[in-house]
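Below is one structure, written out as structure tokens, with a few remarks after it.
The values are calculated or read from the model by the stated rules, or taken from the named source; none is laboratory data. Just so you know, these numbers come straight off a predicted model, no measurement behind them. Note: ideal-geometry Cβ built from the backbone for every residue, glycine included; neighbour counts use all protein chains shown. We work out accessible area using only protein heavy atoms, side chains counted, and drop any ligands, DNA or RNA first. Shrake-Rupley method; radii C 1.70, N 1.55, O 1.52, S 1.80 Å.
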Amino acid sequence: MDTAVRVVVVPGVFRPRSDSWMLTESVGDPPPRPGAEVLDLCTGSGVVAIAAARLGARATAVDVSRRSVLTVRLNARLNGVAGRVRAVRGDLFSSLGDRTFDLIASNPPYVPSGDSSLPERGPSRAWEAGPDGRAVIDRICAEAPERLRPGGRLLLVHSSLSGTDATLERLAAAGLDARVARRERGPLGPLMLARAEELERRGVLPPGRREEEIVVIEGRHGQL
Ligand SMILES: C[S@@+](CC[C@H](N)C(=O)[O-])C[C@H]1O[C@@H](n2cnc3c(N)ncnc32)[C@H](O)[C@@H]1O
């Protein structure tokens, strides 16, 4: 089935970028079985949840931003999948009770910042992720494995500058078989580029490098 998703975004909601589309494609490869329960964590416009719903899954889309939740509902209607997408406001898993999922997909904030405190409001909540870029990633690595059903999988996208090996190690330590499912090398995105010198000073970016890899990391219960 066609996974092409068209989304509108209101000011303050993250507009899907190349990492969003990488994650969306990975969600469809292989497609979730019809009726599978998919969680799109840090959903923004809802693009990943809507792609999953268009493939026949039942999607839950979570974001800490009220504007995002309203945008997901609008985009689900525009894409004809309002009946299969539930938008929920919350901090990661906090609003989900004890629900478990067949697939959890996330494009979380992952840009390393000079400040260890995360923004509490505004558009920068979509990317600021603490000094090593892992403030949200590490929480997902710790909490997602127990939210996966047997045979379920986690798909997490981030920059290599935020620690590919650290994610693989944490998921393995939590009992998942983890691997890089997809990687794309390219020039630093605008947010990383704007702080490249600071990242060099802090040792996050090797001197002179202006490239990063965007990786989709897959973690599964059971053998890959
Ligand atoms: C990089 S954007 C990704 C949006 C969308 N998934 C995409 O790929 O286009 C990250 C999103 O995470 C949300 N977010 C940040 N911290 C969060 C948290 N603790 N819990 C839930 N959502 C969070 C932001 O509001 C933002 O919408």
Practice task
Of all residues in the stretch 84-95, count the ones that are free of Cβ contacts under 8 Å to residues at least 40 places away in the same chain and either within 14 Å of the ligand (Cβ to nearest atom) or under 13 Å from the mean Cα position of the chain (by Cα) (or both).
Solution key: 7
Problem - Where ALA76 falls short, out of the listed (1) closer than 21 Å to VAL8 by Cα; (2) within 12 Å of the ligand (Cβ to nearest atom) - result: (2)
Exercise for the section: Report, by residue number, each residue of the stretch 179-224 that is crowded, with 16+ Cβ neighbours inside 10 Å and part of a loop (DSSP other than H, G, I, E, B). Expected result: LEU188, GLY189, ARG195, VAL204, LEU205
Exercise for the section: State which residue pairs qualify: first residue open to solvent by 10 Å² or more (accessible area, probe 1.4 Å) and inside the stretch 33-49, second residue among the polar types (S, T, N, Q) and assigned to a strand (DSSP E or B) in any location, beta carbons under 6 Å apart, and separation of 6 or more residues or different chains. Expected result: CYS42/SER106
Practice task
Quick one: count up the residues across the stretch 173-224 that are touching a Gly at 6+ places or on another chain (Cβ under 9 Å) and under 16 Å from PRO112 (Cα atoms).
Solution key: 9
Practice task
Please identify the pairs in which a residue from the stretch 62-83 that is touching a residue at least 60 places away in the same chain (Cβ under 8 Å) has its Cβ atom under 6 Å from the Cβ atom of a residue that is more than 11 Å from the ligand (Cβ to nearest atom), counting only partners at least 6 apart or on another chain.
Solution key: THR71/VAL10
Practice task
Go through the residues of the stretch 21-30 one by one and say whether even a single one is in contact (Cβ under 8 Å) with a residue 40 or more places away in the chain, more than 14 Å from the ligand (Cβ to nearest atom) and surrounded by fewer than 24 Cβ atoms within 10 Å (Cβ to Cβ).
Solution key: no
Handout entry: Single residue of VAL13, VAL9, VAL5 found to be under 16 Å from the mean Cα position of the chain (by Cα) and more than 17 Å from ILE214 (Cβ to Cβ)
Key = VAL13
Practice task
Looking only at the stretch 135-147, decide whether some residue is open to solvent by 50 Å² or more (accessible area, probe 1.4 Å), farther than 15 Å from CYS42 by Cβ and outside any helix (DSSP H, G or I).
Solution key: no
Exercise for the section: Give the residues of the stretch 104-143 that are under 12 Å from the mean Cα position of the chain (by Cα) and either more than 10 Å from the ligand (Cβ to nearest atom) or touching a residue at least 60 places away in the same chain (Cβ under 8 Å) (or both), sorted by residue number. Expected result: ILE104, ALA105, SER106, ASN107, PRO108, PRO109, ALA126, TRP127, VAL136, ILE137, ILE140, CYS141
